[in-house]
Structures are given as C-alpha cells and as structure tokens.
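Undergrad: Could you have a look at this structure, given as structure tokens, before my questions?
The values are calculated or read from the model by the stated rules, or taken from the named source; none is laboratory data. Remember, predicted model here, so these are calculated numbers, not experimental data. Cβ: placed from backbone, ideal geometry, glycine included. Neighbour counts: every protein chain shown. Calculation scope for accessible area: heavy atoms of the full protein, side chains included, ligands and nucleic acids excluded. Shrake-Rupley method; radii C 1.70, N 1.55, O 1.52, S 1.80 Å.
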Amino acid sequence: SSKVYKMFGEASVRLRSSTNSEDLADFNGAGLYESYTATRKAGDLPSDEIPKVWASVWTYKAFEERSLWNIDHMSVQMAVAVHKGFPDELANGVIITQNIADYSVAGIYANIQVGETSITNPEGGELPEIISIIPSPPPARGVQSVLLQHSSLSPDSLILTDGEIYTLYQMVQQIQNRFADLYKVYPDALALDIEFKVMGTERKLIFKQVRPYIL
C-alpha cells in the first residue's frame, strides 16, 4: 500500500487484472477476471484488494471457461496494473484500429458506452454504441461516422460529439503510427486494441490502455 500511496497520493486507484490467458489467437477472455478499486479506507486498502485480483484466476466462471477451451489452469499468470482511478467518467470505449466492420474501407471500429458501464461484461446486459469512423473522401477533410448500433443507454443520439469523434480519430492515428514504428511494420498492417475514457466537465479524452489486437 505504501508504494501505491507514494505514486498516487490521496487518489483512489484502479487495480486491473491482466493475464497470459486472454486475448489469445482462439480465445478472448474479455471480462473473465476481476478488477477492483482501492482507497485509503480500512478494509479497502490496496493490500486488501490486490489479493482479490489474483484470486479471480480461480473463480468458477474463469475455471469453467478455460476448461471449455482446453487452457492449462496451472499455466495462468496474473499481473495487476495499477493506475489512478477515474471517478468522473462520462463515457468509456474500446477501439480497434482497423475497420473490422468492413476491411475494404479504411478507418477504425469503436464500441462506446455511457458513463463507466462495462462494454465487455455489463452487469445489466446494456448494449454499447458501435460505430466505424472512416476518413472523409478527398478533397473533404475530417471523418464520417457509420452507426452500426445505438447504445441502449443513449438510443436517440451518439455518445460523442462530431468534434470529439474527429479528435479521437486523430489521436488514435498518432498511437497507431507510434506503435507501428515500435513493431517495425506498416500502420495499415497493425491492429491495436485501445481503451479510452471521456472525463469530467471538460470532457477530456484519456487513453487508458493499448495492446495488440489479433485479427
């Protein structure tokens, strides 16, 4: 706990599960393991919550899912990512940096949801908004949004504004180019899975996680 306090001060922190038995070539595992929030309150300290993340390797649903896919239980390794909590979350989303809705059209693919409602494992079965964001044809500048599914929590309108969608697309392209350089591949050959949030009254875009996506 002392190391967490040294890094993040009084802020609450999110303890996120990450294992070597998810995002595999033939096994997704999204939402299979548990993540927790820790504070400075007794019973809710980082040292109280981290063991719960580790223990989620052995929940009934995780054990049964791995059994179904013939994954060796004893090969599972759990890591815990610690980052500052986001208490004022207006929206959250997951982006694939290729347009998996239509590979013949350039762009990105986004699942977006209101507030902090989970996209991968919603408790109430809420459906996310799904859009493809594609560059506008020349000579126009900007992007176009192709709506594939409305969010069940925002059935009448898109969650992000046109300006936010354009900014999101631009920032994703910067991330894509940076990781393409690191992996030494062309950007068009790379697919990333990016998690983001929209925070506070300023509706600030925060990118929380980037990892390779297996097509």
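Undergrad: In whole percent, how big is the carbon plus sulfur part of the accessible area of the range 2-121, probe 1.4 Å, protein atoms only? Could the numbers behind the result be given before it?
TA: On the way: 3610 of 6650 Å².
Answer for the range 2-121 is 54 percent, counting heavy atoms of protein chains only.
Undergrad: Count charges around residue 146 for me, please; just the other residues with Cβ under 13 Å from its Cβ, Lys/Arg as +1, Asp/Glu as -1. Walk me through the numbers on the way to the answer.
TA: Details: positive: none; negative: 102, 129.
That works out to -2.
Undergrad: Just to be sure I follow: if Rg is taken over the C-alpha atoms of the range 22-66 and Rh is the Kirkwood radius over the same atoms, what is Rg/Rh?
TA: Dividing the radius of gyration by the Kirkwood radius yields 1.10.
Undergrad: Would you mind checking which residues have amide H under 5 Å from residue 18's amide H? H placed 1.01 Å from N; only 5 or more apart, or other chain.
TA: Here 79, 81 satisfy the definition.
Undergrad: Give me Rg over Rh for the chain, both radii from the alpha carbons and Rh done the Kirkwood way, two decimal places.
TA: When Rh is taken as the Kirkwood radius, the ratio is 0.98.
Undergrad: For the range 66-177, what's the radius of gyration and Dmax over Cα atoms, in angstrom?
TA: Expressed in Å, the Cα Rg and Dmax of the range 66-177 come to 16.9, 56.
Undergrad: Please give the length that would be gained between residue 70 and residue 116 if that part of the chain were fully extended, namely 0.36 nm times their separation in residues minus their C-alpha to C-alpha distance (nm, one decimal).
TA: 13.3 nm
Undergrad: Using just the Cα positions, wrap the range 123-212 in a convex hull and report its mean projected area in square nanometres, one decimal place.
TA: 7.6 nm²
Undergrad: Output the pairs from 6/197; 52/208; 61/204; 184/208 with a Cα-Cα distance over 28 Å in this structure; if there are none, say none.
TA: In this structure, 61/204 lie more than 28 Å apart at Cα.
Undergrad: How much accessible area per residue does the chain have, in Å², with a 1.4 Å probe? Please list the in-between numbers first.
TA: On the way: 12410 Å² over 215 residues.
Computed with neighbouring chains in place, this is 58 Å² per residue.
Undergrad: Determine which aspartates and glutamates satisfy two conditions relative to residue 3: a Cα distance under 17 Å, and not lying fewer than 8 residues away in the same chain.
TA: Cα-Cα hits under 17 Å: 44, 48, 49.
Undergrad: Please compute the Kirkwood hydrodynamic radius over the range 11-90, one decimal place, Å, based on all pairs of different Cα atoms.
TA: 13.5 Å
Undergrad: Is it possible to state the helix-based mean residue ellipticity at 222 nm for the chain, with each DSSP H run of 4+ residues giving -39500 (n - 2.57), the sum divided by total residues, to the nearest 500 deg cm²/dmol? What is it?
TA: -7000 deg cm²/dmol
Undergrad: Let me ask something else about it. For the range 15-22, just list the computed ³J(HN,Hα) in residue order, Karplus coefficients 6.51, -1.76 and 1.60, θ = phi - 60°, integers in Hz, with x standing in for Gly and Pro.
TA: 10, 9, 6, 8, 10, 8, 10, 8
Undergrad: Work out, in µm²/s and without decimals, the Stokes-Einstein translational diffusion coefficient of the range 72-137 at 20 °C, 1.002 mPa s, Rh from Kirkwood over C-alpha pairs.
TA: Working: Rh = 14.5 Å.
Value of D from the Cα-based Kirkwood radius: 147 µm²/s.
Undergrad: Using Cα centres only, tell me the gap between the range 150-178 and the range 23-96 in whole Å.
TA: Cα centroid to Cα centroid, the span is 26 Å.
Undergrad: Extension gain residue 35-residue 11, at 0.36 nm per residue separation less the Cα-Cα distance, in nm?
TA: Answer, rounded to one decimal: 7.0 nm.
Undergrad: Please give the FRET efficiency for residue 78 paired with residue 1, using the beta carbon to beta carbon distance and R0 = 22 Å, rounded to the nearest 0.05.
TA: Between residue 78 and residue 1 the formula returns 0.70.
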